[in-house]
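These notes are about the structure you will find just below.
The values are calculated or read from the model by the stated rules, or taken from the named source; none is laboratory data. No experiment lies behind these values; they were computed from the predicted model shown. Note that each Cβ is placed from the backbone with ideal geometry, even for glycine, and that neighbours are counted across all protein chains shown.
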Amino acid sequence: MSTQSLQFKVASKDWEFEQIHQLNYRTFVEEIPQHQPSGTPRLVDKFHNENTYLICLSNNRIVGMIAARGRRPFSLDQKLPNLDSFLPPGRRICEIRLLSVEKEFRNGQVFRGLAALMWQYGLEHGYDLGVISGTTRQQKLYRHLGFVPFGPVVGSGEASFQPMFLTLENFEKQAEEFLREPIRRRGPASFLPGPVSIHPLVRRAFERPAESHRSEQFIAEFQKIRQRLCHLVSARQVQILMGSGTLANDAVGAQLSLEDKPGLILSNGEFGERLIDQARRFGLTFDTLKFRWGESFNLAAVEQFLSRSSSVGWLWCVHAETSTGMLNPLSTLQALCAKSRVKLCADCISSIGLVPVNLEGIYLASCASGKGLAGYPGLCMVFHNHPIASSAALPRYLDLGWYDEHQGIAFTHSSNLVQALDAAVRQPDWPAKMACVAAVCARLRHRLRDLGFNLVAPDSEATPGVVTIALPPSQNSAHLGQLSHRTGFLLSYNSDYLRQRNWIQICLMGDYCQEKLESLTSWLSKNAGPAAAPMPARATLAPRSGEGQTV
């Protein structure tokens with residue numbers, strides 16, 4: 001890692017350690033009188049053998065350093081016996097010490113580089129909380145970076161220090177200018193519905209060493225992520241399976257095959273059609289109410305069907321219909337199903353993480369790690385609010401009761417995917433993130449309409465974070481998508497259902513950059529707007545056949 005003529009690295013050579021001892025002496029003996037002078041101008045830290053030193057070199061001279069140490073007890077433990085009582089619980093902590101920069105290099109450049117290297121070190125080693133004794137001379141700087149002071153000042157006089165802590169996510173937020181932006185600008189900007197752009201914190205969590213799914217540490221972490229997921233959507237239980245969202249819906253279909261009453265499936269897009277297909281493959285008995293793609297459910301028709309069909313035992317639908325960008329009225333359906341004593345099942349794969357979702361009273365709801373939760377693809381979830389008993393009538397891998405009876409760990413799990421999902425769920429302030437996506441998406445939709453684009457879903461019923469654009473016949477969605485990729489924007493266009501309808505999508509499910517989104521909008525106005533040159537004609541795919549009643 002280099003910034004102009006400066007080099008930032010982890011100290012590893014004998015001559016580097018010798019310079020560290022000398023810089024340590026100049027700073028904490030001569031400048032800050034924390035230690036007594038000695039005959040030799042070098043100070044070896046008492047935790048030297050346990051420290052990791054992050055250094056800045058200028059022509060083979062160490063001009064800045066900072067040390068990290070994760071082994072307890074910390075030096076702060078000796079000064080504050082009740083240290084943990086001041087800190088946020090459930091964190092992996094390291095102590096940050098010995099921050100020193102030579103006087104002629106105190107222009108901010110060295111400090112920013114050391115801070116960025118410390119951030120990277122914390123990500124790589126799974127630390128998400130740092131504690132420090134910050135000199136009282138630099139309190140303004142520490143607070144600017146997000147440090148939170150706690151406890152009494154330790155030391156005295158010119159060697160006074162304020163204990164402080166810093167969460168990794170708060171530091172990243174405060175230091176966004178020189179931490180996140182360089183990372184965001186690498187490679188094409190992804191606006192796909194999946195796989196989504198991965199936040200650095202999630203990526204680093206995934207890169208931690210793999211653990212056995214039978215180890216005590218993994219089991220403890222696994223139960224915590226289950227609790228966090230349930231808290232996010234107000235559900236009582238969740239089962240996590242290795243697979244995509246389709247597997248989660250198959251698990252829902254398997255459970256419904258145990259029901260003794262027929263059901264009703266609603267569809268107004270591709271993923272509603274897929275629920276119908278999955279139900280048919282399980283041999284379920286059901287009726288369908290189909291609505292035009294991009295139109296809302298006719299709730300009066302749904303209510304009428306439920307009221308006149310007393311034998312209906314369950315209703316299955318998609319909450320956020322990714323194909324069109326429609327957000328279907330889950331809460332209203334919850335009320336209708338509760339009134340009719342019908343078990344409501346929902347595909348929430350593209351809604352959880354993008355919009356507030358309340359699964360209270362839901363019978364079964366599916367989700368996936370690689371959509372709105374912004375993790376890696378490969379894990380899926382089924383939420384439920386009732387006990388589920390194992391059934392030998394089901395394939396073992398789809399038997400949610402079998403998972404429930406084994407603390408959710410019925411089969412081999414990927415600790416890397418689970419750790420990444422945990423980091424993704426813990427990382428954001430979810431209400432703030434959802435509000436931000438909603439606001440950004442509203443502005444995006446308004447801008448696209450002003451430019452003359454035809455959006456499939458009406459603004460009042462659109463899923464924040466999913467914008468489906470219906471291109472005119474003069475434009476070709478596949479050609480435009482390929483061109484956007486070469487330009488540096490990844491858009492969704494390659495699925496059969498999008499190609500068939502000449503649709504293209506912008507999705508804000510992952511870690512996106514606002515500047516890139518604005519650049520994309522400008523690029524689309526020049527290359528796909530009404531005034532843009534026509535593109536090659538698109539191929540036409542045969543329409544899919546449907547079944548059931550069409551409304």
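Worth pointing out:
- Tally, over the range 1-34, of residues that are over 23 Å from Glu104 (Cβ atoms) and not β-branched (Val, Ile, Thr): 3
- Residue that is surrounded by the fewest Cβ atoms within 10 Å (Cβ to Cβ) [pool: residues in the range 272-287 that are touching a helix residue (DSSP H, G or I) at 6+ places or on another chain (Cβ under 9 Å) and assigned to a helix (DSSP H, G or I)]: Arg281
- Remark: pairs (first residue in the range 193-221, part of a loop (DSSP other than H, G, I, E, B); second residue surrounded by fewer than 18 Cβ atoms within 10 Å (Cβ to Cβ) and of a type in the set (Asp, Glu); Cβ separation under 9 Å; 6+ apart in sequence or on different chains) = Glu207/Glu124; Arg208/Glu124; Glu211/Glu221.
- Hey, Leu417 within 22 Å of the chain's Cα centre (by Cα), hydrophobic (A, V, I, L, M, F, W, C) and either surrounded by fewer than 23 Cβ atoms within 10 Å (Cβ to Cβ) or more than 21 Å from Leu201 (Cα to Cα) (or both) or not: yes
Per-residue answers, yes or no, for (1) surrounded by 15 or more Cβ atoms within 10 Å (Cβ to Cβ); (2) among the small types (Gly, Ala, Ser); (3) not assigned by TED's automatic domain parsing to the domain that holds Glu30:
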residue	(1), (2), (3)
Arg92	no, no, no
Arg97	yes, no, no
Val101	yes, no, no
Asn107	no, no, no
Ala115	yes, yes, no
Met118	yes, no, no
Lys140	no, no, no
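- Of all residues in the range 84-142, those satisfying the criterion of being at pLDDT 85 or above and of a type in the set (Val, Ile, Thr) are Ile93, Ile96, Val101, Val110, Val131, Ile132.
- Of all the residues in the range 421-451, those that are within 18 Å of the chain's Cα centre (by Cα) and surrounded by 13 or more Cβ atoms within 10 Å (Cβ to Cβ) number 17.
- Residue in the range 77-89 that is buried (at least 18 other Cβ atoms within 10 Å of the Cβ), touching a residue at least 12 places away in the same chain (Cβ under 8 Å) and farther than 21 Å from Leu168 by Cβ present: yes
- Boolean, Ser474 is at pLDDT below 95, assigned to a loop (DSSP other than H, G, I, E, B) and small (Gly, Ala, Ser): yes
- Exactly one residue out of Arg281, Arg341 is assigned by TED's automatic domain parsing to the domain that holds His406 and at positive phi: that is Arg341.
- Selected residue (criterion: nearest to Lys371 (Cα to Cα)) from residues of the range 307-337 that are modelled with pLDDT of 95 or more and part of a helix (DSSP H, G or I): Leu330
- Set side by side, the residues Gly353, Gly361, Gly325, Gly372 differ, and just one is assigned by TED's automatic domain parsing to the domain that holds Tyr403 and surrounded by fewer than 24 Cβ atoms within 10 Å (Cβ to Cβ), which is Gly361.
Listed here are the residues, each with its yes/no results for (1) within 16 Å of the chain's Cα centre (by Cα); (2) surrounded by 15 or more Cβ atoms within 10 Å (Cβ to Cβ).
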| site | (1), (2) |
| --- | --- |
| Glu211 | no, yes |
| Arg214 | no, no |
| Glu221 | no, yes |
| Arg226 | yes, yes |
| Leu232 | yes, yes |
| Gln239 | no, yes |
| Met242 | no, yes |
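- Annotation note: of Cys441, Cys436, the sole residue that is assigned to a helix (DSSP H, G or I), touching a Pro at 6+ places or on another chain (Cβ under 6 Å) and not polar (S, T, N, Q) is Cys441.
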